[in-house]
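Visitor: The structure that follows is given in the form of structure tokens.
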Amino acid sequence: MHDVTYLAHSFLASVDVDGKLTFSQDLAYQAVGIMAVLGSLASIAVILSVLAQVLNRSKSRKSPAADKIAEPSQVPQVPPVPGAPTAVASTDAPAVVNSSDSSQIPPGVRAAIAAAVHVTLGAGYRVLEISQVSGDKLQIWSMEGRRQIFQSHRVR
Amino acid sequence: MIQDFWNFLQLTGFPQVTWQMMVMWAVVGVLLYLAVYKGFEPLLLVPIAFGALLANLPLSGLMNEPGGPLLSPVSGIVEKWHVLAGQEVERGELVAEVRDSEENRVVPVTALGGGKVTLLHSLPGDQVNEGQQLASFYGEEAGGLFYYLTRGIKWEIFPPLIFLGVGALTDFGPLLARPIVLLLGAAAQIGVALTFLGAMLFGFTPGESASVAIIGGADGPTAIFLSAKLAPHLLPAIAVAAYSYMALVPLIQPPIMRLLTTKSERKIRMKSLRPVGKLEKLLFVMLVTILCILLVPAAASLIGMLMLGNFLRECGVTERLVKASQNEIINVVTIFLGTSVGITMTGERFLRPETLMIIGLGVFAFAASTAGGLLMAKFLNLFLKEKINPLIGSAGVSAVPMAARVSQTEGLRADPNNHLLMHAMGPNVAGVIGTAVIAGYYLATILVR
């Protein structure tokens, strides 16, 4: 590794845009480049993993049951048609309610949601999770209203 | 009267048409056919093709340079002056001759625009360097339209602005949900490195090799950004190759994906992605901006604008700026970028053996990048408890979202109930960052004379 670094370093110091390289110099140069890319993205991956754990821990400290999801068996299920795609949970799903809130969703509401899914998406879909909108997502409708107002006016 | 008509014809562009221009008209026709009827990246190929058509129509004056100081085109000795200080000259008029020291040939110096030579800064027999001012010049003649538009590429303005729009359009949620896929985007850059090696073996210089190799990153703005700096004479061929191959991703990738993966690997089901909060997305933007720019400052404009666009999107309080970035800004800049690339596609530049080599190396670059991502996924599976479906590794090339769709299609082929699209978006957007980083590495380490 030390020799490769030395070769790459001397290469970096000596090459110009029309320079001629030996194959081993070129190989060393590329190796340093790939190490730079892998190293930087790996560092970002490690920091993001740590960050995710810290944020998840602080979230669970604020609301201990917040990471429990609605049981799939509590919602009406339509058996999937073979070959038909199944619904996939969105990565932008709203904050999950705690178990006490999910049990407060009346069965009629769950049935209405399942019916809406059936009408819009068709047969062969199964509702995996129902979560109550909370936190930042509550601002969606107000943001939409602001957007419509801005679009309806000419901004000077 | 016939003589008058003949004299008029001499003033038109018809006598200036060359065979190279006519061949380029045919090339333009092919590009427009591919873009319009086959849907090959039409947003870029249509402006590029049209710009190429304009470049190959003579006497248009679209690329005329404005009158400016007379600069020496080569390093050498001033052979002769054809004008005196205070003399009026016209655009294209021969004003001086410089003997090139390296090649021992006389190079003419012509006026870039109409005006007056005000002061001579060198005399016959003086040694001058390339770019050295030979005489002061006063001219009020403006340059052609595309002279000014191409400054957007030469001064590296357009690609970062495109990246602003890309950042505003990109959701890094799938990447944040499983950060390890960043390594798949990094591994795809191995194809770029291998292509660099291959290009050097073919006789390209390091600057040219880097510009050709970056095609493997499947990122148009980055390819244009790098080529404009390191190999501007290859920019048209590289841009056409890059955007054409991006459209061919559904043809190039699947055979490689099937070759390098087993049936059981293709059936691997991945756990649903966890929800990613707003704070996490905003901190990610800051982290990437600071880390990547500290590592490769040369990529600051690309990374910075990409992350600015994404921050505008994720903060949720700059709705109008996001919409402008996603629509008006990126659309307008796309038109200017495409036509500015196309206007450099003259027959003399494009119809060369290097163009064919670039097209061949471009395919290799794409294939090698695809393989790099796939193999990294298989390598990670040796250590991971929750396996990664290696098909998403091929999405490490930053052809967003085409490469992710190809992973989805191949995943469904192996298992009709296995949806990989959102999982593949993670390495897909990681590839954008990886390509920008390696481009910054080349920019920082390859010196330009």
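The values are calculated or read from the model by the stated rules, or taken from the named source; none is laboratory data. What you are looking at is a predicted structure, and each value in this text was computed from that prediction instead of being measured. Cβ sites come from the backbone with ideal geometry, for glycine too, and all protein chains shown count toward neighbours. Accessible surface is based on the protein model in full, side chains and every heavy atom, while ligands, DNA and RNA are left aside. Shrake-Rupley method; radii C 1.70, N 1.55, O 1.52, S 1.80 Å.
Visitor: Kindly establish whether residue B:38 is under 31 Å from the mean Cα position of the chain (by Cα) and open to solvent by 60 Å² or more (accessible area, probe 1.4 Å).
Guide: Taking the combined requirement at face value, the residue satisfies it.
Visitor: Another question about this same structure. Considering the range B:200-229 alone, what residues qualify as being at the interface with chain A (Cβ under 10 Å from one of its Cβ atoms) and open to solvent by less than 10 Å² (accessible area, probe 1.4 Å)?
Guide: Residues satisfying the conditions are B:206, B:207, B:209, B:210, B:213.
Visitor: If you don't mind, another one. Across the range A:10-43, which residue is most open to solvent (accessible area, probe 1.4 Å) among those that are modelled with pLDDT under 70 and more than 7 Å from chain B (Cβ to nearest Cβ)?
Guide: The selected residue is A:20.
Conditions (1) open to solvent by 10 Å² or more (accessible area, probe 1.4 Å); (2) assigned to a helix (DSSP H, G or I); (3) within 13 Å of chain A (Cβ to nearest Cβ); (4) not hydrophobic (A, V, I, L, M, F, W, C), marked per residue:
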residue	(1), (2), (3), (4)
B:376	yes, yes, yes, no
B:382	yes, no, no, no
B:413	yes, yes, yes, yes
B:437	no, yes, yes, no
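Visitor: OK, next. Check off (1) at negative phi; (2) within 14 Å of chain A (Cβ to nearest Cβ) for residue B:316 and give me the number that stays unchecked.
Guide: For residue B:316, the failing item is (1).
Visitor: So, one more: Looking only at residues that are of a type outside the set (S, T, N, Q) and not in a helix (DSSP H, G or I) in the range B:297-336, which one is surrounded by the fewest Cβ atoms within 10 Å (Cβ to Cβ)?
Guide: B:317
Visitor: If a residue must be under 22 Å from residue B:44 (Cα atoms), hydrophobic (A, V, I, L, M, F, W, C) and in contact (Cβ under 8 Å) with a residue 24 or more places away in the chain, how many such residues does the range B:313-333 contain?
Guide: Qualifying residue count for the region: 4.
Visitor: Looking at the range A:44-59, which of its residues are of a type outside the set (A, V, I, L, M, F, W, C) and either over 22 Å from residue B:396 (Cα atoms) or more than 8 Å from every other protein chain (Cβ to nearest Cβ) (or both)?
Guide: Those that are of a type outside the set (A, V, I, L, M, F, W, C) and either over 22 Å from residue B:396 (Cα atoms) or more than 8 Å from every other protein chain (Cβ to nearest Cβ) (or both): A:53, A:56, A:57, A:58, A:59.
Visitor: Still on this structure, please answer the following. In the range B:109-123, which residues are surrounded by 13 or more Cβ atoms within 10 Å (Cβ to Cβ) and of a type outside the set (S, T, N, Q)?
Guide: The answer is B:109, B:111, B:112, B:113, B:114, B:115, B:116, B:117, B:120, B:121.
Visitor: Another one. For residue B:246, work out the one condition from (1) open to solvent by 10 Å² or more (accessible area, probe 1.4 Å); (2) free of Cβ contacts under 8 Å to residues at least 40 places away in the same chain it doesn't fulfil.
Guide: (2)
Visitor: Could you check how many residues of the range B:64-91 are over 30 Å from residue B:150 (Cα atoms) and open to solvent by less than 30 Å² (accessible area, probe 1.4 Å)?
Guide: Counting residues in the range B:64-91 that are over 30 Å from residue B:150 (Cα atoms) and open to solvent by less than 30 Å² (accessible area, probe 1.4 Å) gives 2.
Rundown of residues vs (1) crowded, with 18+ Cβ neighbours inside 10 Å; (2) in contact with a Gly (Cβ under 6 Å, 6 or more places away or on another chain), yes/no style:
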residue	(1), (2)
B:129	no, no
B:145	no, no
B:158	yes, yes
B:166	yes, no
B:175	yes, yes
B:180	yes, no
B:190	yes, yes
B:196	yes, no
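Visitor: Name the residue that is farthest from the other protein chains (Cβ to nearest Cβ), counting only residues in the range B:173-199 that are over 18 Å from residue A:40 (Cβ atoms) and among the hydrophobic types (A, V, I, L, M, F, W, C).
Guide: Restricting to residues being over 18 Å from residue A:40 (Cβ atoms) and among the hydrophobic types (A, V, I, L, M, F, W, C), the top hit is B:199.
Visitor: If you check A:139, A:148, which single one turns out to be part of a helix (DSSP H, G or I), modelled with pLDDT under 70, within 12 Å of chain B (Cβ to nearest Cβ) and closer than 18 Å to residue B:317 by Cα?
Guide: Selected residue: A:139, the only one of A:139, A:148 that is part of a helix (DSSP H, G or I), modelled with pLDDT under 70, within 12 Å of chain B (Cβ to nearest Cβ) and closer than 18 Å to residue B:317 by Cα.
Visitor: Report the residue count in the range B:45-63 for those that are open to solvent by 20 Å² or more (accessible area, probe 1.4 Å) and not small (Gly, Ala, Ser).
Guide: Total meeting the criteria: 9.
Visitor: Suppose the filter is within 30 Å of residue A:124 (Cβ to Cβ), open to solvent by 50 Å² or more (accessible area, probe 1.4 Å) and of a type in the set (Lys, Arg); does residue B:387 pass it?
Guide: Against the criterion (within 30 Å of residue A:124 (Cβ to Cβ), open to solvent by 50 Å² or more (accessible area, probe 1.4 Å) and of a type in the set (Lys, Arg)), residue B:387 qualifies.
Visitor: Look through B:339, B:409 and report the one residue that is among the β-branched types (Val, Ile, Thr) and open to solvent by 50 Å² or more (accessible area, probe 1.4 Å).
Guide: B:409
Visitor: Could you check, for the range B:268-291, whether at least one of its residues is surrounded by 18 or more Cβ atoms within 10 Å (Cβ to Cβ), out of contact with any Lys or Arg (no Cβ under 7 Å at 6 or more places or on another chain) and away from every other protein chain (no Cβ under 14 Å)?
Guide: Among the residues of the range B:268-291, not one is surrounded by 18 or more Cβ atoms within 10 Å (Cβ to Cβ), out of contact with any Lys or Arg (no Cβ under 7 Å at 6 or more places or on another chain) and away from every other protein chain (no Cβ under 14 Å), which makes the answer no.
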